[in-house]
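Values quoted throughout were computed directly from the atomic coordinates according to the rules given, and no laboratory measurement underlies them. Note that the structure is a prediction, hence the values are computed from the model and not measured. Cβ atoms come from the backbone with ideal geometry, glycine included; neighbour counts cover every protein chain shown.
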Amino acid sequence: MTDTPKRPASKASTSSRCVQGGELGALKGARRLLEGVRFVFLETWLVAGYGDGTPHMLEVFDFLRPYGIVPFDFLGKRYNKSGTLSHIDVAYHNLNRSNLPKWMYRRDL
């Protein structure tokens, strides 16, 4: 029997949760973690896809902004049966934690 060398723990970590319209509630429950994250990937809604409790994209933007987390890229777009844009996958980055240029983003929006 031989000892297996231990690998160093990775400094990067990811977490994925499916919250079906509860994105804002999940973010509020993770307040302590938000200051330390570099990136957030989140489905954001333009309509109440899961009822009245579904957070609108602008509510999510407003909640994340004080943590320095701002939209970085808009990815997958989804349309409802009537052809209306219903939600967008948004990649956010933390201006305080990432290496991306801060001059590109206005903090007063």
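For Asp62 and Asn99, a Förster radius of 22 Å and the Cβ-Cβ distance give a FRET efficiency of 0.30, rounded to the nearest 0.05. Ordering of 73-82, 48-57 by packing is 48-57, 73-82, highest average first (other Cβ atoms within 10 Å, averaged per residue). Full extension of the chain between Ser82 and Ala30 yields a length gain of 15.3 nm, computed as 0.36 nm times the residue separation minus the alpha carbon distance.
Averaging 1/r across all pairs of distinct Cα atoms in segment 23-98 and inverting the result yields a Kirkwood radius of 12.8 Å.
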